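Encoded as structure tokens, the structure appears first; notes follow it.
Every read-out reported here was derived from the displayed coordinates using simple, explicitly stated rules and does not represent laboratory data. Everything quoted here is computed from the prediction, not taken from an experiment.
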Amino acid sequence: MPFPPLFPFFLSVVLLPALLQADITYPYHTLQQKQLLNLRQRSSAAGSGAAGTLPASKRYEGSSDLVDLRYHMGPVLSLPIRLYLIWYGRWTPALQLPIRDFLLSLSDASVAAPSAAQWWSTIALYADQTGANVSLSLSIAAEASDPAASRGYSLSRLSVQHLIADALAASSLPVDHRCGVYLVLTAPEIAMQDFCRAVCGFHYFTFPSLVGHTLPYAWVGHSGAQCPELCAYPFAVPGYMARGGVGAMRPPNGDVGTDGMVSVVAHELAELATNPLVNAWYAGGDPTAPTEIADLCEGIYGTGGGGGYTGQVSKDGQGRSYNINGRGGRRFLVQWVWSPLLKACVGPNAMD
Ligand SMILES: *[C@@H]1O[C@H](CO)[C@@H](O)[C@H](O)[C@H]1NC(C)=O
């Protein structure tokens, strides 16, 4: 076989919320488990919202001496990032708009705090060995769609690269070596290998043998019809959490799957930007299973978050939860990311 069937494509999996539960074991690598252990200890130490009374070393969400995030000499996405979207399957404008607005909000500095652009500014703290930081500029350069799902309704991880190759061959999207990031977004009816079982999204780069070029890409699926309790957390919660009294939050844009997808897109973009060729920023010694900057903060959305608690987030007049503002009055709920300066998970809605 040309590739090990699974390994390289497991990069940057979005963890399922089950991993944040103390009583669930799940095969994942040691560092992550240590980190989760730390989150659990931290959350029990914090009790209910007593963050201000914690010792200084425990003050930040997810902060830990066990996290060994390191730079491995490769490039980050330091030029203005041009996003190329591939909408695969039946998408409606109502489902697409929040996602598009989220992407456009990431570099919109005119939005009131806490903003999506402030959220991205933590990611721009990462630099490569040339001293170039991740770019603060992101734009949607072009979009392609395949409503007829020409490669079928059940995709393999590898077929994501074929979708990109198809779009390039049809000239629906250009080859952009300098600044391009290709985002493959699959509609509710599209199944993906390991979706809902092990992954909610992943990122990697294309192979010249399949696509003709090495281009960074990510895939994220709409989980609304397939596994919202796994991939659209916390807008849907797994049964064991519901039984423990954890309620689902109302999605800020009114669609569980789409709002859940926004947070997974955020997760994958943060990791793509800081580890596009899987040789820049990650923790752990094994490049086939790196722990990247968003993996470290899975499940944390606000102050006090960790151990199955999202942390403090806001609610709008209709009881819908959010933690950042976007353009045109939109709001989103996205997970926090690891700051290389604070060595902790941070987000613009932090209370301290
Ligand atoms: C660029 O990265 C360096 C190193 O992490 C950081 O100190 C600096 O603040 C970053 N610059 C911007 C504009 O974020």
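Sorted from greatest to least, the principal axis extents spanned by the alpha carbons of the stretch 130-273 come out as 50, 41, 24 Å.
Specify whether the C-alpha gyration tensor of the stretch 300-352 places it in the rounded, prolate or oblate class, a ≥ b ≥ c being the square roots of the eigenvalues: rounded for a/c under 1.5, otherwise prolate if a/b is larger than b/c and oblate if not. Don't skip to the answer; put the middle values down first.
Working: a/c = 2.59, a/b = 1.54, b/c = 1.68.
Oblate is the answer for the stretch 300-352, as a/c is 1.5 or above yet b/c matches or exceeds a/b.
Annotation: Cα Rg of the stretch 110-175 relative to the compact-globule expectation 2.2 N^0.38 Å equals 1.60. Relative contact order of the stretch 157-303: 19 percent, from C-alpha pairs under 8 Å at least 6 residues apart in sequence. Mean silhouette area of the stretch 204-246, derived from the convex hull of its C-alpha atoms and averaged over all directions, reads 4.3 nm². Out of residues 5 or more away from ARG90 or on other chains, whose amide H comes under 5 Å of its own, with H placed 1.01 Å from N in the peptide plane? Under 5 Å from the amide H of ARG90 lie the amide H atoms of ALA187, GLU189, each far enough along the sequence or on another chain.
Among rounded, prolate and oblate, which fits the stretch 252-330 when a ≥ b ≥ c are the square roots of the eigenvalues of its C-alpha gyration tensor, a/c under 1.5 means rounded, and a/b larger than b/c means prolate?
Working: a/c = 2.84, a/b = 1.84, b/c = 1.54.
Note, shape of the stretch 252-330 comes out prolate.
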